[in-house]
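Enquirer: Can you read through this structure? Questions will come right after.
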Amino acid sequence: MDNTPTNPPTNPPTDPPAEPPFEEPIKDRAPLVTNWLLGAIVAVLIALVAVLMLRDDSPTEAGQTTTTVEQAGVTDSTLVGETTTVPEGTDTTLVTDTTTSEPTTTVPVDTTVPAPTPGDTIALATVSEWIDAVAAGDADTAWDLLDPASQEGIGGRSGFDGSFTGLVEGYGAWADATDVIAYSSPVPLVEPAELFLVSWVGTVTQEGDTTNKAIAIPVTVNAQGAKVNPFARGELVEFVVPENTEPSAVFASITTLEFDIPTEAVAMAFLNGQYETNQQVQDLGNGKSRVYVTPETHMEVGASQVLSVLYFQDGFVHAEAVRFVIGEDS
């Protein structure tokens, strides 16, 4: 060990006394202690700066919590490498959220209407063709487009010809109807032919009166072609709610659709072209049954609604429709 004092005297004595055990003079320790303390402080400061730099530059890992600052009119999420400055005196609410390494995916809601099937398209076209033939007075074409059940139901060709003038004034008037909305609905559980229920709702002038109303016509589609079947009728459908009135009734709201059909008949209800399966039947005891349908189909306020009912009984396939409106105050 070097026993030379750190700061030796400027003029050492010529004959120094016997050397005692080494002890640094007190006056010479202060600079060493000061240098040591300064070095330690500098080292601590360097370490703190390094830690802060590592925290700012470290990537966000799965499961790391980020902070969202929410204030009036402002929402700002703090991300890695981004600083958010909140003005002094601003009241803020801190909401924590957890980030993950998995990307988030937004699945758009499908609001498109399903594309019509070939049967739907054929059924709609056949009803249009039949109505146009009736309106034009083309009895032969109108007859050929009838289903055999309707040809029989109207009394054969002679019965058809005898009723043709009334058909022109009734069904034929729909050729000039305005604001027409047409629906083609496949009827389930019908074989071997495919059966569709075509409904029209619009404004039509018949016998001098202009009204908003609806019609429903069954259409069979098979290997022999498509045929309309408006005359294979049983008893009329009696609409309870909504009522079949002219002009059409306006309801504040409707939660249950009700109509009466012959007892033992099998009914199917369609609201705006959509088959409604949620129904209950009550025997009224007078040869009639009341059907209660709770719609699952949305009814748009202010728009024309059409309830179409088709029922089967003893070989009859009967269909009727009623138009109504949900009022603005519903």
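The values are calculated or read from the model by the stated rules, or taken from the named source; none is laboratory data. All of these numbers come straight from a predicted model, not from anything done at the bench. So basically every Cβ, Gly included, is an ideal-geometry build from the backbone, and we count neighbours across all protein chains shown.
Enquirer: Just one of 319, 226 is under 27 Å from residue 211 (Cα atoms) and either assigned to a strand (DSSP E or B) or in contact (Cβ under 8 Å) with a residue 40 or more places away in the chain (or both); which is it?
Expert: Numbers: 226 fails: under 27 Å from residue 211 (Cα atoms).
Testing whether each residue is under 27 Å from residue 211 (Cα atoms) and either assigned to a strand (DSSP E or B) or in contact (Cβ under 8 Å) with a residue 40 or more places away in the chain (or both) leaves just 319.
Enquirer: Quick check: is even one residue across the stretch 224-232 modelled with pLDDT under 95 and in contact with a Lys or Arg (Cβ under 9 Å, 6 or more places away or on another chain)?
Expert: Scanning the stretch 224-232, I find no residue that is modelled with pLDDT under 95 and in contact with a Lys or Arg (Cβ under 9 Å, 6 or more places away or on another chain), so the answer is no.
Enquirer: I've got another one for you. Across the stretch 261-282, which residue is farthest from residue 200 (Cα to Cα) among those that are over 33 Å from the mean Cα position of the chain (by Cα) and outside any loop (DSSP other than H, G, I, E, B)?
Expert: Let us first name the residues in the stretch 261-282 that are over 33 Å from the mean Cα position of the chain (by Cα), namely 261-265, 282.
This time we only want the ones that are outside any loop (DSSP other than H, G, I, E, B), so: 261-262, 282.
Working: 261: 21, 262: 24, 282: 29 Å.
Within the stretch 261-282, the match that is farthest from residue 200 (Cα to Cα) is 282.
Enquirer: Given (1) without any contact (Cβ under 8 Å) to a residue 24 or more places away in the chain; (2) on the phi < 0 side of the Ramachandran plot, where does residue 208 come up short, assuming only one miss?
Expert: (2)
Enquirer: Name the pairs: first residue in the stretch 110-139 and modelled with pLDDT of 85 or more, second residue among the basic types (Lys, Arg), Cβ to Cβ under 8 Å, at least 6 apart or on different chains?
Expert: Close Cβ pairs satisfying both conditions: 126/227.
Enquirer: Could you pull out the residue among 256, 277, 245 that is free of Cβ contacts under 8 Å to residues at least 40 places away in the same chain, of a type in the set (S, T, N, Q), surrounded by fewer than 19 Cβ atoms within 10 Å (Cβ to Cβ) and in contact with a Ser or Thr (Cβ under 7 Å, 6 or more places away or on another chain)?
Expert: Working: 277 fails: in contact with a Ser or Thr (Cβ under 7 Å, 6 or more places away or on another chain); 245 fails: in contact with a Ser or Thr (Cβ under 7 Å, 6 or more places away or on another chain).
Exactly one residue qualifies, and that residue is 256.
Enquirer: I would also like to ask the following. Quick check on my filter: what residues within the stretch 283-330 are under 33 Å from the mean Cα position of the chain (by Cα) and among the charged types (D, E, K, R)?
Expert: Those that are under 33 Å from the mean Cα position of the chain (by Cα) and among the charged types (D, E, K, R): 290, 296, 300, 320, 323, 328, 329.
Enquirer: Can I ask one more? On the given criteria, is residue 179 surrounded by fewer than 21 Cβ atoms within 10 Å (Cβ to Cβ) and in a strand (DSSP E or B)? Spell out the reasoning first.
Expert: Values: surrounded by fewer than 21 Cβ atoms within 10 Å (Cβ to Cβ): yes; in a strand (DSSP E or B): yes.
Yes, satisfied.
Enquirer: Given the criteria out of contact with any strand residue (DSSP E or B) (no Cβ under 9 Å at 6 or more places or on another chain), surrounded by 15 or more Cβ atoms within 10 Å (Cβ to Cβ) and of a type in the set (A, V, I, L, M, F, W, C), does residue 164 qualify?
Expert: Yes, satisfied.
Enquirer: Being in a strand (DSSP E or B), crowded, with 20+ Cβ neighbours inside 10 Å and modelled with pLDDT under 95 is true for just one of 185, 199. Which residue is that? Before you say what the answer is, go through the steps one by one.
Expert: Numbers: 199 fails: modelled with pLDDT under 95.
Every option except 185 fails the conditions.
Enquirer: Taking the criterion of being buried (at least 19 other Cβ atoms within 10 Å of the Cβ) and more than 21 Å from residue 168 (Cβ to Cβ), would at least one residue in the stretch 229-237 satisfy it?
Expert: Taking the stretch 229-237 as the starting set, the residues that turn out to be buried (at least 19 other Cβ atoms within 10 Å of the Cβ) are 229-232, 237.
Keeping just the survivors that are more than 21 Å from residue 168 (Cβ to Cβ) gives 237.
Checked the stretch 229-237: at least one residue is buried (at least 19 other Cβ atoms within 10 Å of the Cβ) and more than 21 Å from residue 168 (Cβ to Cβ).
Enquirer: For the subset of the stretch 134-158 comprising residues that are charged (D, E, K, R) and part of a helix (DSSP H, G or I), which member is farthest from the chain's Cα centre (by Cα)? Quick ask: steps written out before the conclusion?
Expert: So in the stretch 134-158, the residues charged (D, E, K, R) come out as 138, 140, 144, 147, 152, 157.
Now restrict to residues that are part of a helix (DSSP H, G or I): 140, 144, 152, 157.
Numbers: 140: 46, 144: 43, 152: 45, 157: 49 Å.
Across the stretch 134-158, the extreme among qualifying residues is 157.
Enquirer: Among the candidates 234, 302, which residue alone is in a loop (DSSP other than H, G, I, E, B), touching a residue at least 24 places away in the same chain (Cβ under 8 Å) and closer than 29 Å to residue 160 by Cα?
Expert: Working: 302 fails: closer than 29 Å to residue 160 by Cα.
Matching residue, one of 234, 302: 234.
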